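Since the structure comes first, as structure tokens, the remarks are kept for the end.
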Amino acid sequence: MAHLGSARRRALAVPVGLALTASLALLPSVSASAASLDGTAGTATAPKATAEGPKLSYVANLNAYATVKAAKKAIERAGGTVVTAYEQIGVVVAHSQNPDFAKQLRAQRGLFVSVGATRTAPMQAVQTTDEGATQRLSEADAAKAAAQAQEGQEPLEPNQWDLRTIKADEAHKINDGSQDVTVGIIDTGVDDTHPDLAPNFSKGQSANCVGGVADTTEGAWRPYPDGSDHGTHVAGTIGAPRNGVGISGVAPGVKIAAIKVSEPGTSLFYTEAVVCGFMFAAEKGIEVTNNSYYVDPWLFNCKTDDDQKALVEAIGRATKYAERKGTLHVASAGNSNQDLAAATLEDTTSPNDTTPVTRTIDPRVCLDLPTQLPGVVTVSATGDKGLRSYYSSYGLGVVDVAAPGGDKWQVPATPDANGRVLSTVPGGYGYKQGTSMAAPHVAGVAALLKSAHPSATPSQLQSMLKAQSTKATCPAQIYDATGTLINATTCQAKWGQTGYYGHGVVDALKAVK
């Protein structure tokens, strides 16, 4: 999911995320160094730090008794430059050209639990999980929708089959959500100048976290001029207001904030930016985060690999810290049409910032980040007919809930007859499909729940999301990528859940009652 929630998972149209395979073989080789446990200089045998290799970014995770001051000294002695340090969670972000940097720090067990490179390619001036390219709304379809809009509806709402699927339109008659609740969109940036987003946008809770340090200067959170419309699309689904313009979001009364974490040019989502995003959300009092991506460059991060293990640790610390501060995290399951509860999976796309190497991984050991972290709500995608979307990943005990993500083969009876999800994009409106589009529906419902229950904790909100969902049994058939109905033999059911839908499809109406 470092690639946009719905698209990045597949190679179909969007780059796919993090591969677990042989990361060390792809990174500069390193040799252990001698150093004392308190962070002081090592013996005469300690190798001298060099600056011969490509410049890479690293996360260094401190042990419970280490100080950030000692860690910084060790990092500098190993030829690194500290970018930022999160003392609250014991994570330091650093840059280094020393090929032995990570191994030299790992040898200092009195300071570090794990150290790893966040990328396999040299740093340069992120990705997502939507399936396919954006389809712009035509003037003709906009006019047809407006002509059929009923009193109280937004002009394009007749095309929003997804709102009606989760009864959001009915929920809005009771409660639109509270301005005391903010959903942080950790993504490619949000166009806050869009007339259907500006009224609910919170500049004071928005930033650009690319590189690992939050930049809150005016407009830093917006998409790059040549960048992705992904975050803006997600934002509209969550919180486009009922203002007589365009569409309505699931929670049109709450605030939305943008936390940009995608690299310019590549739209890759690296660990240091994502950690910054979660920490910024926590410190700014954001109640819900939406994460429609996976963390690059590995589609799955294996804890058996020194580098990938450090990425899991750093992001896990950040999500747990934010959760303790009152933030619920929602994430997309991905678009690889994979069973995340399988004994093994094949990853052919990692690392996606250099040359991918095919590998077989165990999803219990090799995690999709942040989707498979504890406490994160994992969301699969459905279409207008209620079937799992053909691209959506799934997994019994992994997927928590389902929501509309769009499916071009499940055609709704709307004026535009388009099975994708319609939302805001810079300069107008467009259709996307993917688990990237499903997650913001859940984030919106979570925001409605928080509005109705201001004192609810993240774990309580998650429990309510599951308990109030509309139960869905395994279907007899689903559509495949070609639009052919096939037997749904991959759906498993147990514990009142299914691998396709988890506890069920979220219900906005129940959230506000």
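Spot the failing condition for Asp192; the list is (1) more than 21 Å from Ala413 (Cβ to Cβ); (2) part of a helix (DSSP H, G or I); (3) open to solvent by less than 20 Å² (accessible area, probe 1.4 Å), and only one is missed.
(2)
Within the range 96-121, work out how many residues are under 16 Å from Leu311 (Cβ atoms), aliphatic (A, V, I, L, M) and not in a helix (DSSP H, G or I).
Count: 4.
Any residue that is of a type in the set (Gly, Ala, Ser) and open to solvent by less than 10 Å² (accessible area, probe 1.4 Å) - is there at least one of those in the range 343-362?
Yes, the range 343-362 contains at least one residue that is of a type in the set (Gly, Ala, Ser) and open to solvent by less than 10 Å² (accessible area, probe 1.4 Å).
Please work out which residue is surrounded by the most Cβ atoms within 10 Å (Cβ to Cβ), limiting yourself to the range 195-208 and to residues that are of a type outside the set (Gly, Ala, Ser) and in a strand (DSSP E or B).
Here the residue is Asn208.
Being touching a helix residue (DSSP H, G or I) at 6+ places or on another chain (Cβ under 9 Å), aromatic (Phe, Trp, Tyr) and within 24 Å of His194 (Cα to Cα) narrows it down to one residue among Tyr429, Tyr391; which is it?
Among Tyr429, Tyr391, only Tyr429 is touching a helix residue (DSSP H, G or I) at 6+ places or on another chain (Cβ under 9 Å), aromatic (Phe, Trp, Tyr) and within 24 Å of His194 (Cα to Cα).
With Ser228, Ser262 as the choices, which residue is buried (at least 24 other Cβ atoms within 10 Å of the Cβ) and either touching a helix residue (DSSP H, G or I) at 6+ places or on another chain (Cβ under 8 Å) or of a type outside the set (S, T, N, Q) (or both)?
Numbers: Ser228 fails: either touching a helix residue (DSSP H, G or I) at 6+ places or on another chain (Cβ under 8 Å) or of a type outside the set (S, T, N, Q) (or both).
The match here is Ser262.
When only residues in the range 80-95 that are buried (at least 21 other Cβ atoms within 10 Å of the Cβ) and outside any strand (DSSP E or B) count, which is nearest to the chain's Cα centre (by Cα)?
Looking at residues that are buried (at least 21 other Cβ atoms within 10 Å of the Cβ) and outside any strand (DSSP E or B), I get Ile89.
Pairs, please: C-beta under 6 Å, at least 6 apart or cross-chain, first residue closer than 18 Å to Ile315 by Cβ and in the range 57-69, second at pLDDT 95 or above and open to solvent by 20 Å² or more (accessible area, probe 1.4 Å)?
Ser57/His95; Asn61/Val113; Asn61/Glu313; Asn63/Val113
Return the residue satisfying two criteria in turn: it lies in the range 449-463 and is of a type outside the set (Gly, Ala, Ser) and open to solvent by less than 40 Å² (accessible area, probe 1.4 Å), and of such residues it is nearest to Ser380 (Cα to Cα). Before you say what the answer is, go through the steps one by one.
Taking the range 449-463 first, the residues of a type outside the set (Gly, Ala, Ser) are 449-450, 453-454, 457-458, 460-462.
Next, from what is left, pick out any that are open to solvent by less than 40 Å² (accessible area, probe 1.4 Å): 449-450, 458, 461-462.
Numbers: Leu449: 20, Lys450: 22, Pro458: 20, Leu461: 18, Gln462: 15 Å.
The extreme case among them is Gln462.
Conditions first: (1) open to solvent by 30 Å² or more (accessible area, probe 1.4 Å); (2) within 30 Å of Gly244 (Cα to Cα); (3) touching a His at 6+ places or on another chain (Cβ under 9 Å). Arg164 passes all but one, so which condition is the exception?
(3)
Show the residue pairs meeting these rules: Cβ distance below 6 Å; 6+ apart or different chains; first residue within the range 379-406 and part of a loop (DSSP other than H, G, I, E, B) and among the polar types (S, T, N, Q); second residue at pLDDT 95 or above and open to solvent by 10 Å² or more (accessible area, probe 1.4 Å).
Ser393/Ser336; Ser393/Gln338
Exactly one of these conditions fails for Val250: (1) part of a strand (DSSP E or B); (2) in contact with a Ser or Thr (Cβ under 8 Å, 6 or more places away or on another chain). Give me its number.
The failed condition is (1).
Scan the range 398-426 for residues that are of a type outside the set (S, T, N, Q) and within 19 Å of the chain's Cα centre (by Cα) and jot them down.
Val398, Val399, Asp400, Val401, Ala402, Ala403, Pro404, Gly405, Gly406, Val421, Val425 - these are the residues of the range 398-426 that are of a type outside the set (S, T, N, Q) and within 19 Å of the chain's Cα centre (by Cα).
Could you list, in sequence order, the residues of the range 297-321 that are under 12 Å from Val275 (Cβ atoms) and not aromatic (Phe, Trp, Tyr)?
Listed by number, the residues that qualify are Ala310, Leu311, Val312, Glu313, Ala314, Ile315, Gly316, Arg317, Ala318, Thr319, Lys320.
For the range 67-79, which positions are outside any helix (DSSP H, G or I), crowded, with 16+ Cβ neighbours inside 10 Å and on the phi < 0 side of the Ramachandran plot?
Ala78
Which of the residues spanning the range 273-298 are open to solvent by less than 10 Å² (accessible area, probe 1.4 Å) and of a type outside the set (A, V, I, L, M, F, W, C)?
First pass over the range 273-298, keeping only residues open to solvent by less than 10 Å² (accessible area, probe 1.4 Å): 273-279, 281-282, 286, 288-298.
Selection gives Gly277, Thr289, Asn290, Asn291, Ser292, Tyr293, Tyr294, Asp296, Pro297.
A quick yes/no check of all residues on (1) in contact with a strand residue (DSSP E or B) (Cβ under 7 Å, 6 or more places away or on another chain); (2) surrounded by fewer than 22 Cβ atoms within 10 Å (Cβ to Cβ); (3) not in a strand (DSSP E or B):
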position: Glu151; (1), (2), (3): no, yes, yes
position: Asn175; (1), (2), (3): no, yes, yes
position: Gln179; (1), (2), (3): yes, yes, yes
position: Val210; (1), (2), (3): yes, no, yes
position: Ala220; (1), (2), (3): yes, yes, yes
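Go through the range 406-424 and give me each residue that's open to solvent by 10 Å² or more (accessible area, probe 1.4 Å) and at positive phi.
Ala417
Working only within the range 263-316, note down all residues that are hydroxyl-bearing (Ser, Thr, Tyr) and closer than 23 Å to Gly236 by Cβ.
Matches in the range 263-316: Ser267, Thr289, Ser292, Tyr293, Tyr294.
The values are calculated or read from the model by the stated rules, or taken from the named source; none is laboratory data. Note that the structure is a prediction, hence the values are computed from the model and not measured. So basically every Cβ, Gly included, is an ideal-geometry build from the backbone, and we count neighbours across all protein chains shown. When the accessible area is computed, the model is the full protein with side chains, heavy atoms only, and any ligands, DNA or RNA have been set aside. Shrake-Rupley method; radii C 1.70, N 1.55, O 1.52, S 1.80 Å.
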